[in-house]
Amino acid sequence: MFTGIITGVGRIAALHDLGSSLDHGKRLTIEAPSGYLDDVGLGDSIALNGACMTVTSLDLPQHHFTIDISAESLARTTGLAQTGYRINLEKALRAHDRLGGHIVSGHVDGVGRVTRFAQVGESWELRVVAPPELGKYLAYKGSITVNGVSLTVNAVQDRADGCEFSINLIPHTVENTSLGQLSDGSPVNLEIDTVARYVERMLSAGHHINLKESA
């Protein structure tokens with residue numbers, strides 16, 4: 001589990017094919033900030049732009065680690081197959097950590113598209129169109145994860161091509177994540193709020209709570 005609070009910004013240093021066909025995935029070599037990997041071990045989970053991955057090798061002197069990503073995961077995410085691309089990093093949540101953002105699973109639910117990224121006063125406005133099937137999970141003042149960053153929705157508008165939501169980014173977020181490299185048209189990984197997922201499931205399944213019986 002994660003919180004959506006980015007703990008470092010890395011870079012994809014190298015890509016290697018794990019096979020000769022499109023059914024094979026890739027091995028990514030990630031360059032992490034100095035000292036970031038000091039408490040990381042083989043098999044640990046690190047979210048890359050919001051996608052939970054497993055550390056398969058470590059090179060501490062070079063600040064590098066590798067992960068293997070399947071073709072399925074590559075097809076359902078964005079930003080993980082481009083050498084030199086800056087990516088958000090978050091280590092898995094420990095039991096004694098602060099939950100500074102919201103509960104994040106590291107499973108990307110869909111890829112959205114940036115419709116506006118512009119400075120407004122001292123902050124930035126980020127607008128993203130989410131796939132239509134994710135619209136029902138988005139709500140004013142609700143939580144959404146964009147490229148692994150826990151953010152609060154400021155406005156929601158349904159459109160013919162999906163659901164557009166607006167977010168306010170403070171300077172600290174822009175400076176300490178990879179969101180600052182976004183522009184109009186950029187694809188982004190989205191993960192909906194876990195609580196919203198369960199509420200939708202209960203309602204769609206027709207489950208009702210009888211308060212009198214459960215009291």
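Look through the stretch 91-143, keep the residues that are among the hydrophobic types (A, V, I, L, M, F, W, C) and open to solvent by 70 Å² or more (accessible area, probe 1.4 Å), and return whichever of them is farthest from the chain's Cα centre (by Cα). Don't jump to the end; show me each part of the working.
Here is the first cut: in the stretch 91-143, the ones among the hydrophobic types (A, V, I, L, M, F, W, C) are 92-93, 95, 99, 103-104, 108, 111, 114, 117-118, 120, 124, 126, 128-130, 134, 138-139.
Those still in the list that are open to solvent by 70 Å² or more (accessible area, probe 1.4 Å) too: 95, 99, 103, 120.
On the way: 95: 21, 99: 16, 103: 12, 120: 24 Å.
Selected residue: 120.
Every test in (1) among the polar types (S, T, N, Q); (2) surrounded by fewer than 20 Cβ atoms within 10 Å (Cβ to Cβ); (3) at pLDDT 95 or above is passed by residue 194 save one, and that test is (3). Each residue in the stretch 62-76 was checked for being in contact (Cβ under 8 Å) with a residue 40 or more places away in the chain and surrounded by 15 or more Cβ atoms within 10 Å (Cβ to Cβ), and 7 of them qualify. Among the residues here, residue 164 does not qualify as without any contact (Cβ under 8 Å) to a residue 60 or more places away in the chain and surrounded by fewer than 20 Cβ atoms within 10 Å (Cβ to Cβ).
Of a type in the set (Gly, Ala, Ser) and surrounded by 16 or more Cβ atoms within 10 Å (Cβ to Cβ): is that true of residue 79 in this structure?
Details: of a type in the set (Gly, Ala, Ser): yes; surrounded by 16 or more Cβ atoms within 10 Å (Cβ to Cβ): yes.
It is true that residue 79 is of a type in the set (Gly, Ala, Ser) and surrounded by 16 or more Cβ atoms within 10 Å (Cβ to Cβ).
Candidates 86, 94: the one that is free of Cβ contacts under 8 Å to residues at least 12 places away in the same chain, closer than 27 Å to residue 173 by Cα and not small (Gly, Ala, Ser) is 94.
I'd like to check something: does the stretch 2-14 contain any residue that is without any contact (Cβ under 8 Å) to a residue 60 or more places away in the chain and not small (Gly, Ala, Ser)? No, the conditions are met nowhere in the stretch 2-14.
Each row is one residue, and each column tells you yes or no for (1) at pLDDT 95 or above; (2) basic (Lys, Arg); (3) open to solvent by less than 60 Å² (accessible area, probe 1.4 Å); (4) in contact with a His (Cβ under 6 Å, 6 or more places away or on another chain).
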{"residue": "21", "(1), (2), (3), (4)": "no, no, yes, no"}
{"residue": "26", "(1), (2), (3), (4)": "yes, yes, yes, no"}
{"residue": "32", "(1), (2), (3), (4)": "yes, no, yes, yes"}
{"residue": "52", "(1), (2), (3), (4)": "yes, no, yes, no"}
{"residue": "60", "(1), (2), (3), (4)": "yes, no, no, no"}
{"residue": "89", "(1), (2), (3), (4)": "yes, no, yes, no"}
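The values are calculated or read from the model by the stated rules, or taken from the named source; none is laboratory data. This one's a predicted model, so the numbers in the text were calculated from it and none came from an experiment. Don't worry about glycine lacking a Cβ; one is built from the backbone with ideal geometry, like all the others, and counts go over all protein chains shown. Side chains are part of the model used for accessible areas, which takes the heavy atoms of the whole protein and leaves out ligands, DNA and RNA. Shrake-Rupley method; radii C 1.70, N 1.55, O 1.52, S 1.80 Å.
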